[in-house]
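The values are calculated or read from the model by the stated rules, or taken from the named source; none is laboratory data. Being a predicted model, the structure only gives us computed values, none of them experimental. Every residue, glycine as well, gets a Cβ built from its backbone with ideal geometry; the counts of neighbours run over all protein chains shown. Calculation scope for accessible area: heavy atoms of the full protein, side chains included, ligands and nucleic acids excluded. Shrake-Rupley method; radii C 1.70, N 1.55, O 1.52, S 1.80 Å.
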Amino acid sequence: MLEQILWPVVSLGGIGLVLGGVLAYASKVFAIETDPRISQVRDALPGANCGGCGYPGCDGCAAAIVAGKAPVNACPVGGASTAKNISAIMGVEVGNSERKVARVICNGTHENAKKKFEYQGITDCRAAANVQGGDKGCPYGCLGLGTCEHLCPFDAIHVNEQGVAQVDIEKCTACGVCVAACPKDVIELVPESREVRVLCNSKDKGKEVKNNCSVGCIGCQICVKSCPFDAMEFKDNLAHVNYDKCTNCMICAEKCPTGAIYANFANRRKASIDQEKCVGCTICKKNCPEQAIEGELKQPHQVLQDKCVGCGVCAEKCPKDAITLK
């Protein structure tokens, strides 16, 4: 009786050992080698798994960076410090890339924007958008029901008391979750330092815009004509800022008749000339688009602060580095 029980156990154990040995051998013969840098890069990433880099989580991002399919600064959440650590692992230069943040391109508050009806449904912008495009008269405006707020993994966006989403740039990581979630496409990622932005997303013509919102872009193109740097562009009845050309001079915001362009004038820079360094070459004076610099040849020049818009052209052109912006 004992032998009848023992032999099957021994046989099965032997078969298990043989098969285990075969599997162990096969795992070595057919093993796929992985680059050890993938795990190192993965450990350097913040682990948010938000998908803001465009890859399926941090594992996908790490694999793409090591494969050369993504730059070392692909992670928008980690920022400059993470990019620096990854560049050390990869042995490449991180390069200069400015931090981006989400911005809401709508100012259709309760006071500024008209409503078509009173929405009484699911508190979700996507659901509301399926009901005649939403309750706002402007079919392109922020619906203010907080879908972006609920989905943001970093608590960086909230609907304010005026019914429009607002971004906390200190918390924003530019992961893009809010951008993808908004059914009205009123959220975009822009360089953090850019103080100028168009707060309108309407593609309608001027008369229709005015009927729906008091602060919408009416397509007058005054901003396009006024910008000395060709940084304002006009497409689909709407003004756009070309941030590759924008110098934060804020002239467009000053000229906009409806207030559709926002600029933080409190942060507007002013040029200052170091009198000891200035040789009076007049190059700054000749290049200033606002005629905000005065002075005679071979004499130290002065900046007319009431005219200066902080565009930086004078500092860029000065051969003596005598001009700074503050």
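Taking V29 as meeting all but one of (1) farther than 29 Å from S193 by Cα; (2) modelled with pLDDT of 80 or more; (3) among the β-branched types (V, I, T), write down the number of the exception.
(2)
If R126 meets every condition in (1) free of Cβ contacts under 8 Å to residues at least 24 places away in the same chain; (2) in contact with a helix residue (DSSP H, G or I) (Cβ under 7 Å, 6 or more places away or on another chain); (3) not in a loop (DSSP other than H, G, I, E, B) apart from one, which number is that one?
Unmet condition: (1).
Would you be able to say whether some residue in segment 122-137 is in contact with a strand residue (DSSP E or B) (Cβ under 9 Å, 6 or more places away or on another chain), under 26 Å from S214 (Cα atoms) and open to solvent by 40 Å² or more (accessible area, probe 1.4 Å)?
No, there is no match, as no residue in segment 122-137 is in contact with a strand residue (DSSP E or B) (Cβ under 9 Å, 6 or more places away or on another chain), under 26 Å from S214 (Cα atoms) and open to solvent by 40 Å² or more (accessible area, probe 1.4 Å).
Of the residues S226, S214, only one is under 16 Å from V309 (Cα atoms) and open to solvent by 30 Å² or more (accessible area, probe 1.4 Å); which?
That would be S226, the only listed residue that is under 16 Å from V309 (Cα atoms) and open to solvent by 30 Å² or more (accessible area, probe 1.4 Å).
What are the pairs, 6+ residues apart or on separate chains, where a residue within segment 76-93 that is surrounded by 15 or more Cβ atoms within 10 Å (Cβ to Cβ) has its Cβ under 6 Å from a residue that is assigned to a helix (DSSP H, G or I)?
These pairs meet every condition: N85/A44; I86/V41; I86/A44; I89/R37; I89/Q40; I89/V41.
Can you report the number of residues in segment 213-241 which are in contact with a strand residue (DSSP E or B) (Cβ under 9 Å, 6 or more places away or on another chain) and among the aromatic types (F, W, Y)?
1
The conditions are (1) modelled with pLDDT of 80 or more; (2) open to solvent by 90 Å² or more (accessible area, probe 1.4 Å); (3) more than 30 Å from L143 (Cα to Cα), and I5 fails exactly one of them. Which is it?
Of the numbered conditions (1) modelled with pLDDT of 80 or more; (2) open to solvent by 90 Å² or more (accessible area, probe 1.4 Å); (3) more than 30 Å from L143 (Cα to Cα), the odd one out for I5 is (1).
Considering each residue of segment 45-60, count those that are open to solvent by less than 30 Å² (accessible area, probe 1.4 Å) and either in contact with a helix residue (DSSP H, G or I) (Cβ under 6 Å, 6 or more places away or on another chain) or assigned to a helix (DSSP H, G or I) (or both), and give that number.
The number of residues fulfilling the criteria is 4.
Assess whether C308 counts as being open to solvent by 20 Å² or more (accessible area, probe 1.4 Å), without any contact (Cβ under 8 Å) to a residue 40 or more places away in the chain and part of a loop (DSSP other than H, G, I, E, B).
Taking the combined requirement at face value, the residue does not satisfy it.
Within segment 277-305, how many residues turn out to be free of Cβ contacts under 8 Å to residues at least 40 places away in the same chain and either more than 24 Å from K245 (Cβ to Cβ) or open to solvent by 50 Å² or more (accessible area, probe 1.4 Å) (or both)?
Of the residues in segment 277-305, 19 are free of Cβ contacts under 8 Å to residues at least 40 places away in the same chain and either more than 24 Å from K245 (Cβ to Cβ) or open to solvent by 50 Å² or more (accessible area, probe 1.4 Å) (or both).
If you scan segment 196-230, which residues turn out to be of a type outside the set (V, I, T) and closer than 22 Å to V313 by Cβ?
Listed by number, the residues that qualify are R197, C223, K225, S226, C227, P228, F229, D230.
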